[in-house]
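What follows is one structure encoded as structure tokens, with my remarks underneath.
The values are calculated or read from the model by the stated rules, or taken from the named source; none is laboratory data. What you are looking at is a predicted structure, and each value in this text was computed from that prediction instead of being measured. Every residue, glycine among them, receives a Cβ derived from its backbone with ideal geometry; neighbour counts consider all protein chains shown.
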Amino acid sequence: MKISKKLGVFIAGISLGLFALAGCSEKESASEDSGAEEIIVSTGNDGTPYAYLNEDDEFDGYDVQVVKAIDEKLEDYTFDFIGSDFPTALSNLESGKSTMGAYEYEENDERKEKFIYGDVGYIIWDTYIVTDGDQGDAIQSFDDLKGKSVYVTTGTNQAAMAENYLKENPDAFELVYGEYTNEQVVEAILSGKVDATLAPKYQVDLYNKNFGVNFIVGDEPVHQSDAYLLFNKKADQDLIDQVNTALQELKDEGKLKELSEEYLGGDYVTK
């Protein structure tokens, strides 16, 4: 079902010499002047399986495909991507280089002050402590990390929750910050550079499947959350409303489940 408040007059034109800017936009209908408003979306370029550039140098991943599915429903807007690392994606959104963000954004107080959250959670992001099962038993809580080192991606909610714990428990463990790829996270744990990291279960399943490791998690998450789309504070309310409506429809229709199973290996969509 298309969602539109305007009657769009679509003018199809064939343009010679069109080309895509790598890492900037892959819009298949770039040659068509639909009259729709372009919305720039901050996402990742190396965040497998959520947001990354695939072998064809096109944006792909669960979050990217969610936005593409929204795009198919909306006539008033067309969505293009700019990719970066995680903290830069947030900076692009805050500065106005992008209007919307799709990169597994969980709720926290700092982000609520800077951005507008969408109404519809589109993936479960319960966080567990992740360790190498060949090196010992699972770690159940932050209290059990005493004296250990923990990798966190700069600017993430996982970094924030660990920092908040350390405020009340100074020097309980060491945080190692970075922009590690999946390969680097796995290598850091296997080599002993870090003892643990923080991630959802499906990320751990992908580590084990793709790299043949035996990473394990505690019995319960140390934090429960969902991921949401983010909007710049100056984003038009009509855009936010239409995106929220489209995303809820995709959830109700089973499209998000389909994408989750394809990219994450199971149904991790919020209920």
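The residues listed here are Asn208, Asn214; of these, the one that is touching a strand residue (DSSP E or B) at 6+ places or on another chain (Cβ under 9 Å) and free of Cβ contacts under 8 Å to residues at least 24 places away in the same chain is Asn208.
Among residues belonging to the stretch 31-57 that are under 23 Å from Asp236 (Cα atoms) and not in a strand (DSSP E or B), point out the one that is modelled with the lowest pLDDT. Per the criteria, the residue is Ser34. The residue of the stretch 139-179 that is farthest from the chain's Cα centre (by Cα), among those that are among the small types (Gly, Ala, Ser) and outside any loop (DSSP other than H, G, I, E, B), is Ser149.
Please state which one of Asp132, Asp195 is outside the structural domain of Thr43 (by TED's automatic domain parsing), in contact with a strand residue (DSSP E or B) (Cβ under 9 Å, 6 or more places away or on another chain) and surrounded by fewer than 21 Cβ atoms within 10 Å (Cβ to Cβ).
Asp132
From the list Lys234, Lys193, which one is under 19 Å from Ala102 (Cα atoms), part of a loop (DSSP other than H, G, I, E, B) and more than 21 Å from the chain's Cα centre (by Cα)? Being under 19 Å from Ala102 (Cα atoms), part of a loop (DSSP other than H, G, I, E, B) and more than 21 Å from the chain's Cα centre (by Cα) holds for just one of Lys234, Lys193, which is Lys234. Picking from residues in the stretch 240-266 that are hydrophobic (A, V, I, L, M, F, W, C) and under 18 Å from Tyr77 (Cβ atoms), the one that is surrounded by the fewest Cβ atoms within 10 Å (Cβ to Cβ) is Ile240.
Return yes or no: is Phe211 crowded, with 20+ Cβ neighbours inside 10 Å and either over 30 Å from Gly96 (Cβ atoms) or within 16 Å of the chain's Cα centre (by Cα) (or both)? No; evaluated as a whole, the condition is false for this residue.
Of all residues in the stretch 200-217, at least one satisfies being modelled with pLDDT under 95, among the hydroxyl-bearing types (Ser, Thr, Tyr) and touching a helix residue (DSSP H, G or I) at 6+ places or on another chain (Cβ under 6 Å). For Lys112, the requirement of being out of contact with any Cys (no Cβ under 7 Å at 6 or more places or on another chain), part of a loop (DSSP other than H, G, I, E, B), basic (Lys, Arg) and on the phi < 0 side of the Ramachandran plot is not met. Cβ-Cβ contacts under 7 Å between residues 6 or more apart (or on different chains), taken from a first residue in the stretch 129-146 that is in contact (Cβ under 8 Å) with a residue 40 or more places away in the chain to a second residue that is of a type in the set (Asp, Glu) and surrounded by 15 or more Cβ atoms within 10 Å (Cβ to Cβ), are listed as Thr131/Asp195.
Based on this model, can you work out whether Tyr151 counts as surrounded by 21 or more Cβ atoms within 10 Å (Cβ to Cβ) and modelled with pLDDT of 95 or more? Taking the combined requirement at face value, the residue satisfies it. Listed by first and then second residue, the pairs linking a residue in the stretch 241-268 that is β-branched (Val, Ile, Thr) to a residue that is surrounded by 15 or more Cβ atoms within 10 Å (Cβ to Cβ) and modelled with pLDDT of 95 or more, with Cβ atoms under 7 Å apart and 6 or more places separating them unless they lie on different chains, are Val243/Ile70; Val243/Gly118; Val243/Leu229.
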